[in-house]
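Written out below as structure tokens is the structure these notes cover.
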Ligand code: HEC
């Protein structure tokens, strides 16, 4: 009897912990989108990221067109993550980014270097749609 009473207490405590964790996850008001955050890092952070690699090509580093096309394709999951976000502030600010990626994609298909360059500038400008003090992406370091 004692033992089962104890395990009942344990079960209740466990349930309470589970509930409070669930409440805490909801506590962001669903604002935090972990998939978007992870894709943001993978797509933009570090020398090997598609964003930095494409930036170096735009700045004059030699690259074959098929490689450029493959690189631009790596932005596709990022666009999808933004458009699929349950956070309306993210989803509603994604157009500039998505349009810029599309501009780069169309230019790369046509082997239009100037078009890739202007699309990249538009992409760069679009970061500011979310990344500013108080914005949904917060301020960026660089
Ligand atoms: C539609 C909104 C949106 C756009 C556009 C956007 N971001 Fe983000 N970004 C986010 C959100 C949301 C996060 C996650 C912030 C968090 O929850 O910590 C994020 C996180 C990041 C992070 C990860 C860590 C950090 O420092 O916060 C980097 C790096 C980043 N973004 C770079 C960029 C760059 C570069 C661009 C433009 C090429 C860009 N972002 C455009 C919304 C956006």
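What do you get for Rg/Rh of segment 33-142 when both radii come from the Cα atoms and Rh is the Kirkwood radius?
Rounded to two decimals, Rg/Rh equals 0.96.
How far apart, in nanometres, would the label points at residue 61 and residue 88 be if each is projected 7 angstrom from Cα along the Cα-to-Cβ direction?
It works out to 4.1 nm between the two label points.
How far apart, in nm, are the 7 Å Cα→Cβ label points at residue 37 and residue 69?
Roughly 3.7 nm, to one decimal.
For the peptides 57-65, 97-105, 114-122, what is the packing order when you average, over each peptide's residues, the other Cβ atoms within 10 Å and list the highest mean first?
97-105, 114-122, 57-65
No value in this document is a laboratory result; all are computed from the given coordinates. All of these numbers come straight from a predicted model, not from anything done at the bench. Positions of Cβ are generated from backbone atoms using ideal geometry, with glycine treated the same way; all protein chains shown enter the neighbour counts.
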